[in-house]
Amino acid sequence: MIGLKSTLNCIDNSGALIVECVNVLKQKVNNGWGSVGDEIVCVVKRARPVPTTTQQSVTAVKVRRGDVRRAVIVRTRKAVRRPDGRLIRFDDNAAVLLNNKREMLGTRIGGIVSADLRMKGWGKIVSLAPKVSPALPRSALSFDDSASQVI
């Protein structure tokens, strides 16, 4: 669960290393706490240094320290219960930075992400990730009408 002043690792190649949550967007269920797949507003607390020579690519660093950006939560330390009863928990909190159009700021992802992102509409993040946490079984994703029929 991510709330105000929570710090998250940034796992994309946008240039940010650590971000701090300042607001959770569109979250009314958990009283301002964000979970995997939720959008947050964050401040870049630590970023990669900007290259000083003109030979290095300036486009590699897209954010600087102090920038306010949107991000989507991709991992949390708080355990999330899956529909089949399993609990999924990660070692750290992590996010991927977004632009104002809700598109990824970076072009690569450098760590594992939760499979719950696919259900919440973040399929592009899941497709770019090198590894995805254990996926949901097909039985949990589909609804069986035969079990709910009354004879």
query: Within the range 104-114, is there a residue that is at negative phi, modelled with pLDDT of 90 or more and loosely packed, with under 12 Cβ neighbours inside 10 Å?
result: yes
query: For ALA47, are the conditions met, namely being crowded, with 17+ Cβ neighbours inside 10 Å, modelled with pLDDT under 95 and over 13 Å from the mean Cα position of the chain (by Cα)?
result: yes
- prompt: Could we say that ARG118 is surrounded by 17 or more Cβ atoms within 10 Å (Cβ to Cβ), farther than 22 Å from THR7 by Cα and without any contact (Cβ under 8 Å) to a residue 60 or more places away in the chain here?
  reply: yes
- prompt: Which residues, taken from the range 1-16, are modelled with pLDDT under 95, within 13 Å of the chain's Cα centre (by Cα) and part of a loop (DSSP other than H, G, I, E, B)?
  reply: MET1
- line: Picked from the range 17-32 (must be at pLDDT below 95 and crowded, with 16+ Cβ neighbours inside 10 Å), the residue nearest to MET119 (Cα to Cα) is GLN27
query: What are the residue pairs meeting all of these: first residue in the range 88-112, first residue more than 15 Å from VAL63 (Cβ to Cβ), second residue aromatic (Phe, Trp, Tyr), Cβ atoms under 8 Å, and 6 or more apart or on different chains?
result: ILE112/PHE90
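The values are calculated or read from the model by the stated rules, or taken from the named source; none is laboratory data. Nothing here was measured: the structure is a model prediction, and the numbers come from that model. Positions of Cβ are backbone-derived with ideal geometry, glycine not excepted, and every protein chain shown enters the neighbour counts.
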